[in-house]
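Following: one structure in structure tokens, then a few remarks.
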């Protein structure tokens, strides 16, 4: 499985062996126990894996670069809602199967593409592990997450060839993240944002090797999950309130 391969690649990285979770869960990931938990849920186009306080949510349309159709949007809403309402899960990692995060809406269902299908923010932290394409609603989805671990080959963009308006939440968050001038540049030109620029302008929190974003996002999730969550989520809610003004 794509996730298993990324975890194995991550565990070989000596730069991250100093972190306790990497050592502690080496045997668990190698055995595949994380992938066979009875808490795993497979929807039509979304999969969730659960271990301890971490929920992994994966978009599972790899042949279509994880584009969102109506069914996938519905699955994603359910997966996020289940995560929010699970008291034993404190943080999630969101990623796309098959080497691409999400290349936007399914071209065959553009007329049915739902607007504003995401709430302003999730009640708990979510880390996006971004590989390949993050276009249009995929770009919005990764920016909706609290943190973004971005692979070197990842590309973000607003594809202007498609006659699709962006949500107000996304535009406001993009504006506050990269500023007026760069936002207008991206909106009007539809050009690609590669990982180096994404890091420099705040769209990426970390840039990592190709194939390692999920593993490194999981490692970060283990570390973030060690902290008291009530105070952390209060601070998050204040930040979201301030950025929505």
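Residue-level check: of (1) modelled with pLDDT under 95; (2) assigned to a helix (DSSP H, G or I); (3) within 21 Å of residue 95 (Cα to Cα), residue 172 misses just (3).
Only a single item in (1) out of contact with any strand residue (DSSP E or B) (no Cβ under 6 Å at 6 or more places or on another chain); (2) surrounded by 23 or more Cβ atoms within 10 Å (Cβ to Cβ); (3) part of a strand (DSSP E or B) is not met by residue 72, and it is number (3). Does any residue of region 155-175 turn out to be closer than 30 Å to residue 52 by Cα, in contact (Cβ under 8 Å) with a residue 12 or more places away in the chain, surrounded by 15 or more Cβ atoms within 10 Å (Cβ to Cβ) and within 14 Å of the chain's Cα centre (by Cα)? So far as region 155-175 goes, no, none of its residues is closer than 30 Å to residue 52 by Cα, in contact (Cβ under 8 Å) with a residue 12 or more places away in the chain, surrounded by 15 or more Cβ atoms within 10 Å (Cβ to Cβ) and within 14 Å of the chain's Cα centre (by Cα).
For region 214-245, filtered to residues that are in contact with a helix residue (DSSP H, G or I) (Cβ under 8 Å, 6 or more places away or on another chain) and closer than 22 Å to residue 174 by Cα, the residue that is surrounded by the fewest Cβ atoms within 10 Å (Cβ to Cβ) is 244.
Just one of the numbered conditions (1) touching a helix residue (DSSP H, G or I) at 6+ places or on another chain (Cβ under 8 Å); (2) modelled with pLDDT of 95 or more is not true of residue 135: (1).
The values are calculated or read from the model by the stated rules, or taken from the named source; none is laboratory data. Note that this is a predicted model, so its numbers are computed, not measured. Glycine also receives a Cβ, built like all others from the backbone with ideal geometry; neighbour counts cover every protein chain displayed.
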